[in-house]
Amino acid sequence: MKKLVFLFTFCLLLVSMAWGQTTIHSNDCSSATSGWTFTNGGGQPIQQGGYWLVDTSDAIISQAFDVSGYIDLTLSFRVATYGSGTNHPARVEYSTDNGATWNASTFTSATPTSSTYINSGTWNIGTVSSSQFKLKWTHPTGVSKGVRIDDILFQGTPDTGSPLISLDPSALTGFTYVYGNGPSSAQSFTVTGANLTGNLSVTAPANYSVASASGGTYGSSLTLNQSGGSVSATVYVKLNAGLAVGTYNNQNITVSGGGATSTTVSCGGEVTSPPPPSAPTATAATAIDDNAFTANWSSVSGATGYKLDVYKMEAGGNATDLFISEYIEGSSNNKVIEIYNGTGSSVSLSGYNLKVYANGSTTPGSAINLSGTLASGATYIVANTGANATIQGLANMTSNSLSHNGNDAVGLFSGTTLIDLVGTIGDASNWCIDVTMVRKADASVPNTSYSAS
């Protein structure tokens, strides 16, 4: 009779202990989890369809958990086999210093024998006072069958003797927006408080804001009111608008108060550069007289300013031949050479061609043959075939061979005779990368020897 009473009492004690446990983290392993790291040792991918897989030299490391307010920590999960060979269990370790070192105490799961899941067994970790507690799953031998991991359940019994704050997850990453288009989209974390002696305060770092609702008002802080010593709330977070281009990582949101130890959620995000604006399209000048005129162009979205070059044309003699009047080495394929006729007469372009001396070469590439007739005082524009639509709309012809990249000299030829040159033949330095150069207004003759002046 005494034996039966003892067994009955022992069963009640086990039930009581089970009822007292709280889920610190559960994971169905269906996708990547924020704050977790997955190291693939070279076998199959760790993240599979609906489960995680550890095989050759793989490692799955959890986010950091604050377990300082728990006792009787336990871990369980499900395991099944993957592939062929010898059946193996999974191995689990824990760290109390954010993964810098791993405790000698480890857990070996039950050994699965097929692709049907079985329970791993329960790892009774006990009481570990740490705010940087991590778990690591590995494949014990590094060979033969892999082990499928599913339905991870990490639990503990709250230490009712002291106030406790728990945050899940402990890290939020991926906040991002293009410069000028902030704030970022919202992400969230949950706050659970127990045995609190007062309300909790949530304080955001300088570049982030918090709110109690996804569509609510975001600010630098908020208050979570306790009821009966408990708090259960969701906090929403955004990367602030108006930030400069750059990264905003390792910035902590702090949850404090209620007599508990303060806890943090680490945030990481980035503000990226906007794409460069398109070139403006000029339209005819108006109100022209001897002393002034009104310049006109179409505005460009994203431009913060415009540059207008104005020069005075002095009367003088005619040029001896055609010459290069503008050189553009822009981003991507935005490459342009402009040719000017200052001879005083129309010139047939038959026989004229452009050649590129690529990467400091002393031998030019294939000729880009010009065609048509160029009136006196007019220009002829040659562009790369892949240039943007604005440039192509102005070009007289396009060619894939016009592909100068800032260290390529470009020559204008009449037949096989070089008559004008931009750049120094044989110079492989980036003498003119990402720039637009315009021939000075007093230029009147071509020159086969390039001078930056």
Task: Extreme residue, nearest to Arg91 (Cα to Cα), among residues of the stretch 116-143 that are touching a residue at least 60 places away in the same chain (Cβ under 8 Å) and open to solvent by 30 Å² or more (accessible area, probe 1.4 Å) - done: Lys136
Task: Residues that are open to solvent by 60 Å² or more (accessible area, probe 1.4 Å), within 22 Å of Thr39 (Cα to Cα) and touching a residue at least 24 places away in the same chain (Cβ under 8 Å), drawn from the stretch 98-115 - done: Asn98, Trp102, Thr108
Task: Selection within the stretch 298-339 - modelled with pLDDT of 75 or more, among the aromatic types (Phe, Trp, Tyr) and either touching a Lys or Arg at 6+ places or on another chain (Cβ under 6 Å) or surrounded by fewer than 13 Cβ atoms within 10 Å (Cβ to Cβ) (or both) - done: Tyr306
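Tell me, yes or no, whether the stretch 55-72 has at least one residue that is open to solvent by 20 Å² or more (accessible area, probe 1.4 Å), over 30 Å from Pro163 (Cβ atoms) and not aliphatic (A, V, I, L, M). Lay out the reasoning, then the answer.
As a first pass, look at the stretch 55-72 and keep what is open to solvent by 20 Å² or more (accessible area, probe 1.4 Å): 56-57, 61, 66, 68, 71-72.
Next, only the ones that are over 30 Å from Pro163 (Cβ atoms) stay: 56-57.
Filter once more, keeping what is not aliphatic (A, V, I, L, M): 56-57.
Yes; the residues of the stretch 55-72 include at least one that is open to solvent by 20 Å² or more (accessible area, probe 1.4 Å), over 30 Å from Pro163 (Cβ atoms) and not aliphatic (A, V, I, L, M).
Every residue in the stretch 409-444 that is in a loop (DSSP other than H, G, I, E, B), more than 15 Å from Thr363 (Cβ to Cβ) and of a type outside the set (Asp, Glu), please. Spell out how you get there, then give the answer.
Narrowing the stretch 409-444 to residues in a loop (DSSP other than H, G, I, E, B): 415-416, 423-435, 439-444.
Now drop any that are not more than 15 Å from Thr363 (Cβ to Cβ), which leaves 415, 429-435, 439-444.
Passing the criteria: Gly415, Ser429, Asn430, Trp431, Cys432, Ile433, Val435, Arg439, Lys440, Ala441, Ala443, Ser444.
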Open item on the list: Any residue in the stretch 248-264 that is farther than 16 Å from Leu224 by Cβ and free of Cβ contacts under 8 Å to residues at least 60 places away in the same chain sitting within a Cβ distance under 9 Å of a residue that is among the hydrophobic types (A, V, I, L, M, F, W, C) and open to solvent by 30 Å² or more (accessible area, probe 1.4 Å)? List the pairs, counting only those 6 or more apart or interchain.
Closed with: Gln251/Ala206
TODO: Among the candidates Val147, Val92, single out the residue that is open to solvent by less than 40 Å² (accessible area, probe 1.4 Å), under 24 Å from Asp168 (Cα atoms) and either assigned to a strand (DSSP E or B) or of a type outside the set (S, T, N, Q) (or both).
DONE: Val92
Open item on the list: Let me confirm something: among Ala279, Ala303, which residue is part of a loop (DSSP other than H, G, I, E, B), in contact with a helix residue (DSSP H, G or I) (Cβ under 7 Å, 6 or more places away or on another chain) and either of a type in the set (Phe, Trp, Tyr) or touching a residue at least 12 places away in the same chain (Cβ under 8 Å) (or both)?
Closed with: Ala279
Open item on the list: Condition check: outside any strand (DSSP E or B), modelled with pLDDT of 90 or more, over 21 Å from Ser376 (Cα atoms) and within 47 Å of the chain's Cα centre (by Cα). Does Gly406 satisfy that?
Closed with: no
TODO: Under 8 Å between Cβ atoms, at least 6 apart or on separate chains: pull out the pairs that start in the stretch 37-49 with a residue that is under 13 Å from Gly83 (Cβ atoms) and at pLDDT below 90 and end on any residue that is in a loop (DSSP other than H, G, I, E, B) and open to solvent by less than 70 Å² (accessible area, probe 1.4 Å).
DONE: Gly43/Asp55; Gly43/Thr56; Gly43/Asp58; Gln44/Asp55; Gln44/Gly83
- [ ] Starting from the stretch 200-221, take each residue that is closer than 15 Å to Gly182 by Cα and list its partners that are of a type in the set (Ser, Thr, Tyr) and part of a loop (DSSP other than H, G, I, E, B), counting only C-beta distances under 6 angstrom and pairs at least six apart or across chains.
- [x] Ser209/Tyr218
Open item on the list: Looking at (1) of a type in the set (D, E, K, R); (2) over 36 Å from the mean Cα position of the chain (by Cα); (3) open to solvent by less than 30 Å² (accessible area, probe 1.4 Å), which one does Asp159 not meet, given that it meets all the others?
Closed with: (3)
Task: Output for the stretch 196-214, where each listed residue is of a type in the set (Val, Ile, Thr) and surrounded by 15 or more Cβ atoms within 10 Å (Cβ to Cβ) - done: Val202, Thr203, Val210
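Kindly indicate which of Asn359, Asn400 is surrounded by fewer than 16 Cβ atoms within 10 Å (Cβ to Cβ), within 37 Å of the chain's Cα centre (by Cα) and outside any loop (DSSP other than H, G, I, E, B). Break it down into steps so the answer makes sense when it comes.
Working: Asn400 fails: outside any loop (DSSP other than H, G, I, E, B).
Criteria check complete, one pass: Asn359.
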Open item on the list: Restricting to the stretch 403-423, name every residue that is of a type in the set (Val, Ile, Thr) and open to solvent by less than 70 Å² (accessible area, probe 1.4 Å).
Closed with: Val410, Ile419, Val422
Task: Lone qualifier among Thr263, Thr272 - being surrounded by 12 or more Cβ atoms within 10 Å (Cβ to Cβ), in contact with an Asp or Glu (Cβ under 8 Å, 6 or more places away or on another chain), at pLDDT 80 or above and not small (Gly, Ala, Ser) - done: Thr263
TODO: Say whether the condition of being surrounded by 21 or more Cβ atoms within 10 Å (Cβ to Cβ), part of a strand (DSSP E or B) and among the β-branched types (Val, Ile, Thr) is met by at least one residue in the stretch 236-254.
DONE: yes
Task: Candidate set from the stretch 179-195 (those that are modelled with pLDDT under 95 and assigned to a strand (DSSP E or B)); member that is most open to solvent (accessible area, probe 1.4 Å) - done: Thr192
Open item on the list: Looking at the stretch 364-385 only, could you name the residues that are within 19 Å of Glu326 (Cβ to Cβ), in a loop (DSSP other than H, G, I, E, B) and open to solvent by less than 40 Å² (accessible area, probe 1.4 Å)?
Closed with: Leu370, Ala378, Asn384
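The values are calculated or read from the model by the stated rules, or taken from the named source; none is laboratory data. Remember, predicted model here, so these are calculated numbers, not experimental data. As a convention, Cβ positions derive from the backbone with ideal geometry for all residues, glycine included, and neighbour counts pool all protein chains shown. The area values use the complete protein model at the heavy-atom level, side chains included, leaving out ligands, DNA and RNA. Shrake-Rupley method; radii C 1.70, N 1.55, O 1.52, S 1.80 Å.
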